[in-house]
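J.: Have a look at this one.
What follows draws every value from the coordinates through simple rules; no lab data is involved. None of these values were measured; they are calculated from a predicted model. Backbone-built Cβ (ideal geometry, glycine too); neighbour counts: all protein chains shown.
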């Protein structure tokens, strides 16, 4: 019985240590790579968005599953901004965007969230 209690205590200490390590690492990464855009509240998400340009049609840049909008801001956004209005978005739950708890992560739901970005701009 005593062995089980010691084992449980060891597991709890390890989990607490890992949680603190993760929290510290997240803070260090966020300090080194702060958000480069602004945040927009839309139904189902708080989205991190970078906008450049303003002339011409709007191009919405959406990254893939393991990506984030910084993949576009290293050069392509500024290149395209000379001819288009460019909007790069962190998908809900990626990068600095947050998906509202309980909202769907399905592709169709994410498309609705992204469409709300443009609808909000036009309003």
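J.: What per residue convex hull volume, in Å³, do the alpha-carbon atoms of the range 57-123 yield?
T.: 90 Å³
J.: Work out, step by step, the length gained on full extension between residue 79 and residue 26: first 0.36 nm times the residue separation, then minus their alpha carbon distance; give nm to one decimal.
T.: The residue 79-residue 26 span can extend by a further 16.0 nm.
J.: Taking only the alpha-carbon atoms of the range 6-76, what semi-axes of the equivalent ellipsoid follow from 5 times the gyration tensor eigenvalues under a square root, in whole Å, largest first?
T.: 38, 14, 11
J.: Then there is this: Just for the chain, what percent of DSSP beta bridges are antiparallel, to the closest 5?
T.: Around 70 percent antiparallel, to the nearest 5.
J.: Mean separation of Cα pairs under 8 Å and 6+ residues apart, divided by the residue count of the chain: what relative contact order is that in percent?
T.: Once normalised by length, the contact order is 24 percent.
J.: Treat each spin label as a single point 7 Å out from the Cα along the C-beta direction, and report the residue 19 to residue 46 distance in nm.
T.: About 2.1 nm, to one decimal.
J.: Which residue, 14, 76, 40, tops the fluctuation ranking in a GNM of the chain built on C-alpha contacts under 10 Å?
T.: Checking each option, the largest mean-square fluctuation is seen for 14.
J.: What are the extents of the Cα atoms of the chain along their three principal axes, listed from largest to smallest and rounded to whole Å?
T.: 72, 30, 21
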